[in-house]
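K.L.:
Quick one: the structure is below, and I'll ask about it shortly.
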Amino acid sequence: MTGVFPVTRLRRLRRTGALRDLVRETSLGVDDLVMPLFVAPDPLPNERLPGLARHSVETLVHEVDDLVGLGIRSVLLFGVPAEKDEEGSEAWRDDGIVQQALRALRPRFPELLLLTDVCLCEYTSHGHCGVVDADGEVDNDASLELIARTAVSHVEAGADVVCPSDMMDGRVAAVREALPQTPIVAYSAKYASAFYGPFRDVADSAPAFGDRRGYQMDPGNVREALRECEQDVAEGADMLMIKPALPYLDVVRAARDRFEHPLAAYNVSGEYAMVKAAAAAGDLDERAAAVETLTAIRRAGADVVVTYWAKEFAGWH
Ligand code: PBG
């Protein structure tokens, strides 16, 4: 009889580290990770959550120099502008904060992949991801042109890849039409999540009224996430992204099984903060928990993981 104990003993391949490394089904390396970075008029270090610090353009250049030295090859830029207005006009200004950062980084790090988050919420005075109409509703179609304009200004300043994250219908088509040559990572299934808290503090992007449930996805839905992915593929997305990651690993798996496109997952600020807090309380080992978390996201089917641990992870290797 084969396949049954005592002939089969699954522990045989677990005996040494070399054996375990040889047969591991899921790899996790620095090349799979994207480091998010925040650029603002003034730096604001974050001791508790180091991956969620704000950098000025000047300190960003130093930070990126460190990241590149550690082997990081892609970063995702977010901007925190000096001034916000109703339309979020600093998002697409030629001298906006992200555009300045791109112009500083591009010539210094020609090999580094510069991804940008394309959204209006950090730039609008009301904190919503699109423009708000007279009734206080986020106006889908009026927002599309502004989102496309923002993406174009990022590419003109040196971005390699744009990542629309606003969850307006038709945003990928609008960006695709404006930028036929630029890779688009679509935040296809972005849930209305409680796990964005630390990000909103750093990016100063919490909505001033209401919430984002009118445009971000309901946490109970997975089939709808596949419809979002399908739409983005049809509109010209090159890569799909699921966000958050850990509470939505089933969505990552469903998207992996349905689509051949490269798939990313965003291990968001609240997921990072939970582990940091538990580690600070002495309840778990941060490094082990982080590696396990990132491995699980890869195992669920993500090719790429956007994570605030990217720098720390690179240092652990
Ligand atoms: C912009 C955006 C958000 C995040 C990424 N892009 C915030 C939001 O939707 O409120 C969250 C990322 C994180 O929590 O790490 N719309």
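K.L.:
Would you work out which of ALA264, LEU249, VAL152 lies farthest towards the positive end of the dipole of the chain? Charges go on Cβ: Lys and Arg +1, Asp and Glu -1.
P.N.:
LEU249
K.L.:
Using the Kirkwood formula over every pair of different C-alpha atoms, what hydrodynamic radius in Å results for the range 25-155?
P.N.:
15.7 Å
K.L.:
Whole Å is fine, so just give me how far the alpha carbon centre of the range 181-231 lies from that of the range 1-32.
P.N.:
Answer, in whole Å: 37.
K.L.:
Let me know the Rg and Dmax you get for the range 262-305 when you use only its Cα atoms, in Å.
P.N.:
Gyration radius and largest Cα-Cα distance of the range 262-305: 11.3, 37 Å.
K.L.:
Dividing the convex hull volume of the Cα atoms of the range 174-273 by its residue count, what figure in Å³ per residue is obtained?
P.N.:
Enclosed volume per residue, from the Cα hull, is 117 Å³.
K.L.:
Using Cα pairs closer than 8 Å and at least 6 residues apart in sequence, work out the relative contact order for the chain, in percent.
P.N.:
18 percent
K.L.:
Specify which residue in the list TYR196, VAL275, TYR308 is farthest towards the positive end of the charge dipole of the chain, using unit charges on the beta carbon of Lys, Arg (+1) and Asp, Glu (-1), about the Cα centre.
P.N.:
Result: VAL275, furthest along the dipole toward the positive end.
K.L.:
So which GluC sites (Glu not before Pro) in the range 210-279 are both in a DSSP loop and have at most 12 other Cβ atoms within 10 Å of their Cβ?
P.N.:
Passing both the DSSP loop test and the Cβ count: GLU260.
K.L.:
May I pose another question? Would you mind checking the radius of gyration and Dmax of the range 40-87 based on alpha-carbon positions, in Å?
P.N.:
For the range 40-87, the Cα-based Rg and Dmax read 12.4, 40 Å.
K.L.:
Please pull out the direction-averaged projected area of the chain, using the convex hull of its alpha-carbon atoms, in nm² to one decimal place.
P.N.:
Spelled out: convex hull of the Cα atoms, projected over all directions, averaged, 18.4 nm².
K.L.:
Whose amide H sits under 5 Å from the amide H of GLY71, counting only residues 5 or more places off or on another chain, with H placed in the peptide plane?
P.N.:
Sorted by chain and number, the residues that satisfy this come to none at all.
K.L.:
Shifting gears a bit: Quick check for me: using +1 on Lys/Arg Cβ and -1 on Asp/Glu Cβ, what's the dipole size of the range 1-145 about its Cα centre, in debye to the nearest 20?
P.N.:
It comes to approximately 2040 debye.
K.L.:
Per 0.36 nm of contour for each residue apart, how much would the distance between LEU284 and GLU137 grow if the chain were fully extended, relative to their Cα-Cα spacing?
P.N.:
Fully extending the segment from LEU284 to GLU137 adds 48.6 nm.
K.L.:
Nothing charged except the Cβ atoms of Lys and Arg (+1) and of Asp and Glu (-1): what's the magnitude of the dipole of the range 156-199 about its Cα centre? Round to the nearest 20 debye.
P.N.:
Here the size comes out at about 140 debye.
K.L.:
Let me ask something additional. In debye to the nearest 20, how big a dipole does the range 55-120 give about its Cα centre with +1 on each Lys and Arg Cβ and -1 on each Asp and Glu Cβ?
P.N.:
340 debye
K.L.:
Report for the chain the percent antiparallel among DSSP-assigned beta bridges with both residues inside it, nearest 5.
P.N.:
Restricted to the chain, the bridges split so that about 5 percent are antiparallel.
K.L.:
Still on this structure, I have one more. Provide, as a two-decimal number, the C-alpha radius of gyration of the range 216-317 over 2.2 N^0.38 Å, N being how many residues it has.
P.N.:
1.14
K.L.:
Let me ask something else. Throw me the Rg/Rh for the range 84-234, computed over C-alpha atoms with Kirkwood Rh, two decimals.
P.N.:
0.96
K.L.:
Might you work out the accessible area of LEU112 for me, using a 1.4 Å probe with all protein chains in place, and round it to the nearest 10 Å²?
P.N.:
Using a 1.4 Å probe on the heavy atoms, I get roughly 10 Å².
K.L.:
With θ taken as phi - 60° and the coefficients 6.51, -1.76 and 1.60, list the Karplus ³J(HN,Hα) couplings across the range 217-223 in order, rounded to whole Hz; mark glycine and proline as x.
P.N.:
Ordered by residue, 3J(HN,Hα) equals 7, 6, x, x, 10, 10, 4 Hz.
The values are calculated or read from the model by the stated rules, or taken from the named source; none is laboratory data. Keep in mind that this is a model prediction, so the values were computed, not measured. Neighbour counts run over all protein chains shown; Cβ positions are idealised from the backbone, glycine included. To get the accessible areas, we keep the full protein, side chains included, count just its heavy atoms, and leave off ligands, DNA and RNA. Shrake-Rupley method; radii C 1.70, N 1.55, O 1.52, S 1.80 Å.
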